[in-house]
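Structure first, then comments.
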Amino acid sequence: MSVQDNFKRAKEQYEKWGVSIEEAFEQLKRVPISIHCWQGDDIGGFEVNQQELSGGIDVTGNYPGKATTPEQLRSDLEKALSLIPGKHKINLHAIYAETEGEVVDRDQLEPKHFENWVKWAKENDLGLDFNPTLFSHPKAEDGLTLTNPDKEIRDFWIKHCIQSRKIGEYFGKELGQQALTNIWIPDGYKDIPSDRLTPRKRLKDSLDEIFAADVDESLNVDAVESKLFGIGSEAYVVGSHEFYMGYALKNNKLCLLDTGHYHPTEVVSNKISAMLLFSDQLALHVSRPVRWDSDHVVILDDELREIGLEIVRNDALDKVMIGLDFFDASINRVAAWTIGTRNMIKSLLYALLLPNTHLKQLQEEGNFTDRLALLEEFKTYPFGAIWDYYCEQMEVPAQEKWLDEVKSYEKEVLSQR
């Protein structure tokens, strides 16, 4: 049977529950996913004085075809975007600046160093998000940046974050889409600290100074990202979830939740509704931790489906800014982007196809039998047929056909590098 025939039969099954497929498609089209550029080059960046990875970050694998220039990285992103339904954003780190061979330290970065990215984003109808890079730098060798006891080092990173916010503002102005500038730091200690409070006071003061700089919030929105632990900061991370949740709420900033930055049995999906009760917006970095914060490619597992459900059934598609954050150098990097982003979109479509109002009512009535039965039965409804049709409507390959295009691109482009 054709994709259209399968869609027609599947549509009838969902519509008997009052689910409008057309409305689901229209909602989904309006949701941009912020696709992280660093999957394409193993978080290398393009600094003239490129440094080894640090800050507890590691990328494993040596699959051929890694992007080594801005042009290659943008080409690879274009290929991935051609296989992903919808219009999206690209998330940049500061190390992806283009300085034309000039050594420009991070506290001196300016919008002009990202003009090529903006030009490319305009040509491809994309938005851009941004992140200051507070790792892989001589002034971050001891793992302390915004919390460093050395004021000179703190000031360097404060200036870098201020400049990053101005770059985000530039993105928003040029592209007509509000940019998200997210601050994550690796700061912490390997062993049990004798003083947890003082570093957190320094972090609070540093953030206060960063956010005191005047930036148009209609063009750039600020977020802060927590972490539980890292390599070299196993015992204590200054920017914990509790710290950033309190700081964000008190200072009207977004709290960014990374799915790999919590205890192994702690899930971000369970936090979304609680956070949205007290925040107008929320940001996510969706990854897949395997035993630890290992940033595997996102798959359509139970937690990803639950994240999609929490966003959709709480009418939060316009409140949750969804970004991705994974890096796997053991497989084709374009395929990694494609798999992960398509799965994030699939989780939202899956949620849009559930009779969420009816399921909520069953819970209110205490009818837990019907609720559980229906939630389980919908897992084997013909969701795939709806997804395939959506892909065709959005003019991207359905099913595994996209993999043939990646293989051709690998043969013609990646293997020649």
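All of the numbers you see were taken from the coordinates with simple rules; none came from a lab. Quantities reported herein were computed from a predicted structural model and do not represent experimental measurements. Neighbour counts run over all protein chains shown; Cβ positions are idealised from the backbone, glycine included.
Residues Ser240, Ser233, Ser415, ranked from the fewest to the most other C-beta atoms within 10 Å, line up as Ser415, Ser240, Ser233. Annotation note: trypsin sites (Lys or Arg not before Pro) in segment 263-315 located in DSSP loop regions with a Cβ neighbour count of at most 13 within 10 Å are Arg291. At a Cα cut-off below 17 Å, give the lysines reachable from Lys139, other chains included and same-chain residues fewer than 8 away excluded. Counting by Cα, and skipping residues close in sequence, Lys139 has these lysines nearby: Lys151, Lys159.
Taking Lys and Arg as +1 and Asp and Glu as -1, the other residues whose beta-carbon sits under 12 Å from that of Ser240 total 0.
How tilted is helix 333-352 with respect to the longest principal axis of the chain? Cα atoms for both, answer in degrees (0 to 90, nearest 10). So the helix axis and the longest Cα principal axis differ by about 50 degrees.
Local charge sum around Asp76 (other residues, Cβ-Cβ under 11 Å, Lys/Arg +1, Asp/Glu -1)? Before the final figure, lay out each step's value.
Details: positive: Lys66, Arg74, Lys79, Arg333, Arg417; negative: Asp41, Glu71, Glu78, Glu410.
Net charge in that neighbourhood comes out at +1.
In the chain, the longest principal axis of the Cα atoms and the axis of helix 3-15 are about 80 degrees apart. Checking every one of the GluC sites (Glu not before Pro) in segment 228-282 against DSSP loop status and a limit of 12 other Cβ atoms within 10 Å picks out Glu266. Spatially, segment 76-134 and segment 1-33 are offset by 34 Å when compared through their Cα centroids.
Each part reduced to its alpha carbon centroid, segment 194-212 and segment 250-314 end up 25 Å apart. Fewest neighbouring Cβ atoms within 10 Å first, the residues Met275, Met344, Met1 line up as Met1, Met275, Met344. Loop-located GluC sites (Glu not before Pro) across segment 15-69 with a Cβ neighbour count of 12 or fewer within 10 Å are Glu52, with loop assigned by DSSP.
The long axis of helix 151-175 is offset from the longest Cα principal axis of the chain by roughly 40 degrees.
Excluding Phe156 itself, calculate the net charge of residues whose Cβ lies under 13 Å from the Cβ of Phe156, where each Lys or Arg counts +1 and each Asp or Glu counts -1. Around Phe156, the charge tally is -2. Taken about its Cα centre, segment 32-354 carries a charge dipole of about 640 debye when Lys and Arg each add +1 at the Cβ and Asp and Glu each add -1 at the Cβ.
What's the FRET efficiency of Arg9 with Ser82 using the Cβ-Cβ distance as r and R₀ = 35 Å, to the nearest 0.05? With R0 = 35 Å, the Cβ-Cβ based efficiency is 0.75.
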